[in-house]
Amino acid sequence: MIKQNAKIYVAGHRGMVGTAIVKQLTAAGHTHIITRTHAELDLLDQQTVKDFMRQEKPDYVVLAAAKVGGIHANNTYPAEFIYQNLMLEANVIHQAWAAGCQHLLFLGSSCIYPKSVPQPMQEDALLTGVLEATNEPYAIAKIAGIKLCESYNRQYGTDYRSVMPTNLYGQNDNFHLDNSHVIPAMIRKFHDAKVNNAASVTLWGTGTAMREFLHVDDMATASIHVLGLSTEHYQSYTAPMLSHLNVGSGVDVTIKALAETIKEVVDFTGDIIWDSTKPDGTARKLMNVSKVKALGWQPNIDLKAGLADTYQWFVKHQNEFKEQ
């Protein structure tokens, strides 16, 4: 368990996952949560991070900060994705160790796994094949983050852990029409179509691809749970150089079923048109989450309830996305 008075630094507290983690830590009574905006602390600047860590001396670090984006952004800015993620991971992990911090949680991504791997994907699939080309630079950086944690554990006896989330959605997501992921993009499209009394919404592909989704509040619960596990309990389900844990719902749905559910949640009454000239992407991406469940965590938010919650948040904040 994380002590109530422990100093916890959450890097990336303004992001979707970081916001949810801070909210849950606060609700649990943790009073020493440390946050910094990008303007206050540039995680790419080694000296700045060094000074910050030595001044604050956190007991726990949650590394939820990252440069993220969709396929278009990953394809357009591969150098930025690999450089910025490598630098911020190296700076935060190394300077946390240098400042005496023994406990750290690194948040990765399901894209660390090879593009052709048995489903559901198990943790030991890491580094067994070729990565998906579109986001390889980002995936390489996330793999490096895992290996940084493991290497510091081996050499210095730290307790640095890694969790790999599946596709996340929820409050504080990005609803930009061009740069958002599938759920916020669909919510935005169906909502705009409803408001404009459109007869139909056109979506990419055939809808047959299958994807797994997890509400961000469930991801926050998992992150705090894993960070608070005893060293013995955590190590009983991991290995020194295979220490990361998958976190997901363990259930996948077709994109077509997802679209029908979002259409119902948004209350759009028109038709869905599938543009089969556009790609479906990988046929299936499902995480094996048996390890994290064996360690005592379970997801609690089913997809339809989570989508309804996300849509309500979007409606409340839609003015923030009108120019996008």
- Note on the structure: Here the residues within region 1-22 that are surrounded by fewer than 21 Cβ atoms within 10 Å (Cβ to Cβ) and farther than 15 Å from ASP173 by Cα are MET1, ILE2, LYS3, GLN4, ASN5, ALA6, LYS7
- Is there a residue being touching a residue at least 40 places away in the same chain (Cβ under 8 Å), within 19 Å of the chain's Cα centre (by Cα), open to solvent by 40 Å² or more (accessible area, probe 1.4 Å) and within 30 Å of VAL253 (Cβ to Cβ) anywhere in region 84-106? no
- Message: For region 167-182, give me each residue that is on the phi < 0 side of the Ramachandran plot, open to solvent by less than 10 Å² (accessible area, probe 1.4 Å) and outside any strand (DSSP E or B).
- Response: PHE175
- Note on the structure: Residue hits (region 23-50; open to solvent by 80 Å² or more (accessible area, probe 1.4 Å) and either over 24 Å from GLN4 (Cβ atoms) or touching a helix residue (DSSP H, G or I) at 6+ places or on another chain (Cβ under 9 Å) (or both)) are LYS23, HIS38, ALA39, GLU40, GLN46, GLN47
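Considering GLU212, GLU232, which residue is modelled with pLDDT of 95 or more, open to solvent by 50 Å² or more (accessible area, probe 1.4 Å) and either among the acidic types (Asp, Glu) or more than 19 Å from the chain's Cα centre (by Cα) (or both)?
GLU232
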- Query: Being under 13 Å from the mean Cα position of the chain (by Cα) and of a type in the set (D, E, K, R), is that true of even one residue in region 151-171?
  - Reply: no
- Item | Residue that is nearest to the chain's Cα centre (by Cα), among those in region 188-202 that are in a helix (DSSP H, G or I) and within 25 Å of ALA73 (Cα to Cα) | ARG188
- Query: If we keep just the residues of region 121-141 that are touching a strand residue (DSSP E or B) at 6+ places or on another chain (Cβ under 8 Å) and surrounded by 19 or more Cβ atoms within 10 Å (Cβ to Cβ), which is nearest to MET210 (Cα to Cα)?
  - Reply: MET121
- Task: For ALA185, state whether it is in a helix (DSSP H, G or I), touching a residue at least 60 places away in the same chain (Cβ under 8 Å) and open to solvent by less than 40 Å² (accessible area, probe 1.4 Å).
- Result: no
- Among residues of region 157-166 being open to solvent by less than 40 Å² (accessible area, probe 1.4 Å) and outside any strand (DSSP E or B), the residue farthest from SER109 (Cα to Cα) is THR158
- Query: Pairs under 8 Å by beta carbon, first residue open to solvent by less than 50 Å² (accessible area, probe 1.4 Å) in region 145-156, partner acidic (Asp, Glu) and modelled with pLDDT of 95 or more, six or more apart or different chains?
  - Reply: GLY145/GLU89; LEU148/GLU89; ASN153/ASP159
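The values are calculated or read from the model by the stated rules, or taken from the named source; none is laboratory data. Because the structure is predicted, anything quoted here is derived from the model rather than measured. Quick reminder, even Gly has a Cβ in these numbers, built from the backbone with ideal geometry, and neighbours come from all protein chains shown. Heavy atoms of the whole protein, side chains included, go into the accessibility calculation; ligands, DNA and RNA do not. Shrake-Rupley method; radii C 1.70, N 1.55, O 1.52, S 1.80 Å.
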